[in-house]
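Derivation of every value follows stated rules applied to the coordinates shown; laboratory data play no part. What you see is a predicted model; the values in this text were computed from it and never measured. Backbone-built Cβ (ideal geometry, glycine too); neighbour counts: all protein chains shown.
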Amino acid sequence: MRRFPWVSASAVAFLVILALLAPYLALPDPTRMDLAGRFAAPHASHLLGQDEYGRDVLSRLVWGARVSLSVSLGAALLAAVVGVTLGVIGGYLRGGAEFVTLRLTDILLCFPPMLLALLIVTLFGPGARTLIPVLAIVYAPSFARVAYAGALTIRSLDYVTAIEALGAGRPRIMARTILPNIAGPVLVQFSLAVAASMVLEAGLSFLGLGVTPPAPSWGLMIGAARATMSQAPQLLLWPCAALTAAILSINALCDGLRDYVDPQPAARRPTRLADRTAPGLAAPPSRDTVLSLRGLSVAIDTPRGAIQPVRDVSFDIKAGETLALVGESGSGKSLTGLALMGLLPPAARVEAGRAWLDGIEVLDSAPDIVRGLRGDRVAMIFQDPMSSLNPVHRVGDQIAEVILAHRDVGAADARSRAVALLRQVGVPDPPRRAAAYPHEMSGGMCQRVMIGMAVANGPRLLIADEPTTALDVTVQAQVLTLMSDLKRETGVALLFITHNLPVVAEIADRVVVLYAGQVVEQGDAAETFAHPRHPYTKALLGSAPREEGPPPEGIPGSVPSPGELPSGCCFAPRCAMRLAACERPPPLVEIGGGRTSRCIRWSEM
Amino acid sequence: MSAPLVTAEKLGRRFSSGGFLRRRPGVQAVVDLNLSIAPGDIVGLVGESGSGKSTIGRLLLGLIPASAGRVCFDGDDLARASSAQRRRLRKKMQLVFQDPYSSLDPRRTVGRQIADGIVIHGLLPSRQIPARVDALLRQVGLDPSAAGRYPHEFSGGQRQRVALARALATEPVFLVADEPVSALDVSVQAQVLKLFADLRQSLGLAILFISHDLGAVRHLCDRVVVLYLGRVMEEGPVEAVFSRPAHPYTAALMSAAPSLDVARRRHRIVLQGDPPSPLDPPSGCVFRTRCPFAIAACATEAPQLTPVGGSMHRAACIRVGEDTTHRIDDELHRLAFRNNQS
C-alpha cells in the first residue's frame, strides 16, 4: 500500500525544526561555562543537567543537532548529487563516461573512508565547513556504484528503447526515465550515507578533526563525556540517544519514501495459517489411478484480503495417461501443479483439498514426507530449462545428485545411470555431455536434461509446467515426441500444464480446462476439442489460429482477476450465450461419456 | 505497387565481442538482407530464436547502426541523415515490443507515457494533449479513464494496447512490431491482431510483423520473409509461401508447429539437432546441417534467392529448380511413415 511515511517524516521534521529554531528557543548559551555547576544533575533551569564545564547539556544537544544534521544531510545530499550524476551518465552512455565513473570510484573506494577523511581534513584543516565536502567525497563513490548498476540494468529494458524510438534526447531519458526507476536503491543508499556521515562526523569531531571546540556537536559531546565517564555516565547517554534517534528516524523515512515513490503496491509478508478445513469424505482412489485430486483450493493473502486463485479443483490421472491442464494466465493451472508438489510460494497456502499419489496423501502430510516423494514418485519439469538447472554444476552430476538423494547406490553407479538417462532422452554423445555445464548446451538440450533428471528415479507422476513454451517450434516438436515416447516406455502418468491448445491436441489423452481458478470443462481430449461443451472452451479453440479458414475470433474482455470475480458464472461477462440465470454460480455437472461441464446451457452447444 | 516506404539494401550487422584491446570476430546477426516495404504493407518476419529477427527490426528503425549496406526511409538514407532529419524521421517510425510488462515505465502513468512522443516532438500545445491522449486510447479500444492509471493496473492485453497507443502518438507511417502477441493469452492475441489489421486499414500503416507464430503471420500479413541464422531462406506472398513452401526449412517450420487440425498432424518433419551457433555458421548453405535434402554441393555453395513460380516468391536453395513441392511432400510422407514405424 502506498502510504506516506508520516510517523518517520514527522520525527525527522521535528529534529530539523528543532535544529533550525535553536537560536530562537529560550535556551542558555551552549558555550557559556559555569564551573560552579559542573556535573550538576537535571533541575528546572538545566533540564538535562550541566557538563564538565557547567554548560547546559540540553542547549548543547540542540545546537549540536544543527551541526550534526547539517553536516550529515549536506554531505549525503552532495554525495548523492555527484555520485548519481556520474553513475547514471556512466551507466547509460557507457564508453568514455563509463570508464571515468568506474575508475574514479574505484580509486576512491581503495581507501578506507576514515583514513580518506582524515587525510583530507588534515590537508584542509578542521571545521564544519570542510566536513561537508570531505564526507561527500567519501560517500559519492557508493552512490555512483548504485546508480551505475541501476542505470545499466534499466537501459536494456524495453521501455527505455521505446522512449529512444520516440526520439527523446539523452538528458531527458536519463532524468525522466532512468532516474525515477533507480530512486529506490538510491534512497536506501542515501539513508545509509546520512547515518554513516553522522557517525563519521562524530568520530572526526571526537578525534578533534571535525567541529572545533567549544562549538557544540554530538561527536564532541561524546568525546568529552568519555573522559568523565566514571563521574557522570549520563553525559554519554544524551548525545548517543540523540544520534541513535536521528539515524533511526532518517532510515525509517528513506525506507518509507522508497515504498511511497514506487507506484506498484509491495507484496505484504505472507502469513502462514494452518487452517486446513476437512474436505469431506472422498472415495478411496482406484488401483490404477496414480493421482487423485479432490477439492483443491489455494488461497493467497494480499493486503486487500485473501484471494482464491484455485477453487475446488478435482481430477484423476491414470498410469500411462496424459492429462492436460489448460488455461490462460491467472487460471490457477501452475499453482495447482505447485500445490501437488508441495512447492507453493510462501504467500500461497492450500486452503482445502486432498490429493492421493499412489495412495499417499500429499496435501495434508508432513513436509518431510512430501519432500521424500519429490524427485522420487513425483517429479516436475519447468518452463525455462536454462534457469532451472544449476549453472555451476555439470549436468551429469546434477542428475546423479537426484538419484543419490533417493536411492542407496554408490556415486559411480549414479553417474553411469545419469549417462544412461542422457542417452534415453536423446542427448547425443552422453558421456561427454554429462561433463558439460548447462550454459554449454542449447535450450532444447537443457530441457532434455531436465526431463532426464525428472525421470531418473522412475516417477509415477511427471508434472510438466509449460515445458515447451520457451523452446523454438522445431525443438518443441522434438521434446513433445520425447515426452510421448517416455510415457509409452515407462507408463508414467503425465500432468501437462499449458496454455497452448495445439500442443494439448498433440499430446493429451484427457483435458481439464481451467478458467479463473475453476474447472469449467473436463473430458477426453479429442472429444472435448471436437465438441466443446462449455462456451469458454469453444471460444478458446476459436482463438487459436488455424491453417485454413477465417482469422481467429478472440474473446472480448479479459480474465477477471482473482480479487474481483463475478458473483455468478465467472465466464458470463465475456460469454455470448449468457442468460439471467448465469448470475448464480453454476455447478459442475456430469454430461455423460466421462465428461463434465460448468455451463447451464451445455446441452444446447 | 506504390513506391516503397522502407528499403534495406544488402543490409548486414555484425556484433563484435571482446574487450577494449582484443576484439573477437563476433556474430554475423544479419547477412545481406534486401527488403522493401510499401505503405500499407504488412510484412511478416519469421524465424526461430537467434535468426536475427529483432536485429532487423532495430536496424530498420535506425536504433542500432548497420555494419554493412543501408536502410532508406522515404528515400532518405538513415545513416546519413542529419540529427534534425533523424528526429523528423524518428517520429514517422515506431516500435512495439513483445513483453508489455517491461516495455512500459512502471513509475509513470499511462497517459504521461502516451503523451511522451507528442511532448518530445512538440506536436501539440500542452492544453490539447489530454484530448489527444483520450483519442489515442479510444483508437486502441481502451477507456480514456485509463490515462491516469499506472501500467501495473492493466492486464497484458490492455498493456499491449497502451504500448500501441504510445507508438501511434507521433502519427507514424511505419511500425515494427516485435512479437507483439506472443506474451499474451490466446484469447487476447486474436483481439490484438485484429487491432493491428484495423490500424493498417484506417491509418495506412506499413508494419514489419516479427513473429515465430506462423498462424498469426498467415492471418495478418501480405508477405512473409523466413529467416534462418540471419539469412533469408524464403520470401514471397503469404498464400504462396504457406501453400507451397519451396525451401525445406520453411516446410519443416510449418510442419513442426503443433496443430488443432488432426489431418495435418501426420505430415511432420521433426528436424534433428539444434540450430548451429551463429558464432560458427556452417559453410555453404547454413541450413544444410539439419536439412533432410542436403547434398554435397550444399557445403560449398551459398545459395542465392531464386524465383519460384511467379509473384515475387523466392527461395534460397540450390535444389529449388527441381520439382520442389512434390519433393517436399514425398519426403514428408516418407518421414511420417518412418516415424510411425519407429
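3J(HN,Hα) couplings calculated from phi for the stretch A:44-53 with the Karplus curve 6.51 cos²θ - 1.76 cosθ + 1.60 (θ = phi - 60°) are, in sequence order, 3, 7, 10, 4, 10, x, 10, 8, 5, 9 Hz; Gly and Pro show x.
Across the stretch A:403-521, the convex hull enclosing all Cα atoms gives 129 Å³ per residue. Just to be sure I understand the curve: with the Debye formula and one point per C-alpha of the stretch A:51-261, what is log10 I(q)/I(0) at q = 0.09, 0.11, 0.18 Å⁻¹? Debye intensities relative to I(0), on a log10 scale: -0.42, -0.59, -1.16. Decide, for the stretch B:39-80, between rounded, prolate and oblate: order the square roots of the alpha carbon gyration tensor eigenvalues as a ≥ b ≥ c, take rounded if a/c falls under 1.5, and otherwise choose prolate if a/b is larger than b/c, else oblate. Because a/c hits 1.5 or more and a/b fails to exceed b/c, the stretch B:39-80 counts as oblate. Between exposed GluC sites (Glu not before Pro) in chain A, where DSSP calls loop and at most 13 other Cβ atoms lie within 10 Å, what's the longest gap? Free of exposed loop sites, the longest segment is A:1-547.
Using the Cα gyration tensor of the stretch A:289-508, with a ≥ b ≥ c the square roots of its eigenvalues, what is the shape: rounded (a/c below 1.5), prolate (a/b larger than b/c) or oblate (neither)? The partial results should precede the final answer.
Numbers: a/c = 1.71, a/b = 1.47, b/c = 1.16.
Prolate, since a/c reaches 1.5 and a/b exceeds b/c.
Under 22 Å of direct C-alpha separation, and excluding same-chain neighbours fewer than eight residues apart, A:K333 reaches these lysines: A:K318, A:K487, A:K538. The mean number of partner chain beta-carbon atoms within 10 angstrom of a residue's beta-carbon across peptide B:95-104 is 4. For the pair the stretch A:187-222 and the stretch A:329-374, the centres of their Cα atoms are 54 angstrom apart.
Towards the positive end of the charge dipole of the stretch A:289-508, with charges on Cβ (+1 Lys, Arg; -1 Asp, Glu), say which of A:G426, A:V475, A:G353 has the farthest Cα. Towards the positive end, the residue furthest out is A:G426. The helix-based estimate of mean residue ellipticity at 222 nm for the protein assembly as shown, built from -39,500 (n - 2.57) per DSSP H run of four or more residues and divided by its residue count, is -13000 deg cm²/dmol to the nearest 500.
Secondary structure note: in the stretch A:289-508, about 55% of the DSSP beta bridges are antiparallel. Applying Stokes-Einstein at 4 °C and 1.567 mPa s to the Kirkwood radius of the stretch A:493-540, computed over alpha-carbon pairs, gives a translational diffusion coefficient of 119 µm² s⁻¹.
Across chain A, the mean sequence separation of Cα contacts (distance under 8 Å, 6 or more residues apart), normalised by length, yields a relative contact order of 11 percent.
From the Cα gyration tensor of the stretch B:85-135, with a ≥ b ≥ c the square roots of its eigenvalues, which class applies: rounded if a/c is under 1.5, or else prolate if a/b is larger than b/c, or else oblate?
Details: a/c = 2.24, a/b = 1.13, b/c = 1.98.
Note, shape of the stretch B:85-135 comes out oblate.
Relative contact order for chain B: what percent, with Cα pairs under 8 Å and sequence separation of 6 or more?
Dividing the mean separation by the residue count of chain B yields 18 percent.
Enclosing the Cα atoms of the stretch A:1-141 in their convex hull gives a volume equal to 173 cubic angstrom per residue.
Gyration tensor analysis over the Cα atoms of chain B returns equivalent ellipsoid semi-axes of 37, 24, 18 Å (largest first, whole Å). Over the protein assembly as shown, the hull volume per residue, using the convex hull of the C-alpha atoms, is 233 Å³. Cross-link partners of B:K92 among aspartates and glutamates, defined as those whose alpha carbon lies under 18 angstrom from its own and excluding same-chain residues fewer than eight positions apart: A:E164, B:D41, B:D74, B:D76, B:D77, B:D116, B:E171, B:D178.
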